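Structure record follows, encoded as structure tokens.
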Amino acid sequence: MLKEKIKDHDDILEQQNKVVEDIITVRKITKDNAVFSRTQGGFVSLCYTGDDSEAKEYSRVAVHRCFPHSDPTHYISIREPDGDGREIGLIEDLNELPKDMREMLEEQMNLRYFAPKILKVRHIREEYGYSYWDVVTDKGACRFTVRMGGGNVYPIGKNRYLINDLDGNRFEIPDLYKLSAREIKQLDLFI
């Protein structure tokens, strides 16, 4: 009886070790071991052969940049879209993929990382712990609300800032010093 319990315990530990090993293993995705294609719904699917010869089909994948602001074409993480978003593999250089697959993945990332660029700050008003922004972006005029204090305006490069609004939308100031002195003064409280 004790031997059976020890064996069961050892089997459970071995299974857990396999799961952990699977989670921490970084799999390289290349043009030689992966084929991305578009689904009917406009998502991206993946056929991945990986290290073994048996292909694994993913009916839908999520595409994430590891360094979205500083290196957007290197280290692209391909993940399962549901659950814990477990990583399937990593593309070291997007430019090494065929043009059609690269464009498909870039389209998915442009949707995920959509952040209109703020070209002009018309007015920012503060009230009761929130700031109300009226700006002009490269996508047109926009008004949004930002919660004060919580790090919702932060630097992502030299003179470059990202703003997160209450709804989870992102806006980028590509170069703070291309704005007028009046606009910079309005932003002074946030930067």
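If only residues of the stretch 18-68 that are of a type in the set (Phe, Trp, Tyr) and open to solvent by less than 40 Å² (accessible area, probe 1.4 Å) are counted, the one that is modelled with the highest pLDDT is Phe36. In the list Arg147, Arg160, Arg122, which residue meets the criterion of being among the charged types (D, E, K, R) and over 23 Å from His69 (Cβ atoms)? Sole residue among the options that is among the charged types (D, E, K, R) and over 23 Å from His69 (Cβ atoms): Arg122. If the condition is being closer than 20 Å to His69 by Cβ, in a loop (DSSP other than H, G, I, E, B) and open to solvent by 70 Å² or more (accessible area, probe 1.4 Å), then the stretch 163-185 contributes only Asn169. Cβ separations smaller than 8 Å between residues 6+ apart or across chains give the following pairs from the stretch 122-134 residues that are at positive phi to residues that are open to solvent by 80 Å² or more (accessible area, probe 1.4 Å) and basic (Lys, Arg): Gly129/Arg147. Here is the figure for the stretch 91-101: residues that are open to solvent by less than 50 Å² (accessible area, probe 1.4 Å) and in a helix (DSSP H, G or I) total 2. Farther than 30 Å from Asp93 by Cβ and open to solvent by 20 Å² or more (accessible area, probe 1.4 Å): does that describe Gly129? For Gly129, the condition - farther than 30 Å from Asp93 by Cβ and open to solvent by 20 Å² or more (accessible area, probe 1.4 Å) - is met.
The values are calculated or read from the model by the stated rules, or taken from the named source; none is laboratory data. A quick note: this is a predicted structure, and the numbers were derived from the prediction, not measured. Note that each Cβ is placed from the backbone with ideal geometry, even for glycine, and that neighbours are counted across all protein chains shown. In case anyone asks, the SASA skips ligands and DNA or RNA and just uses the protein heavy atoms, side chains included. Shrake-Rupley method; radii C 1.70, N 1.55, O 1.52, S 1.80 Å.
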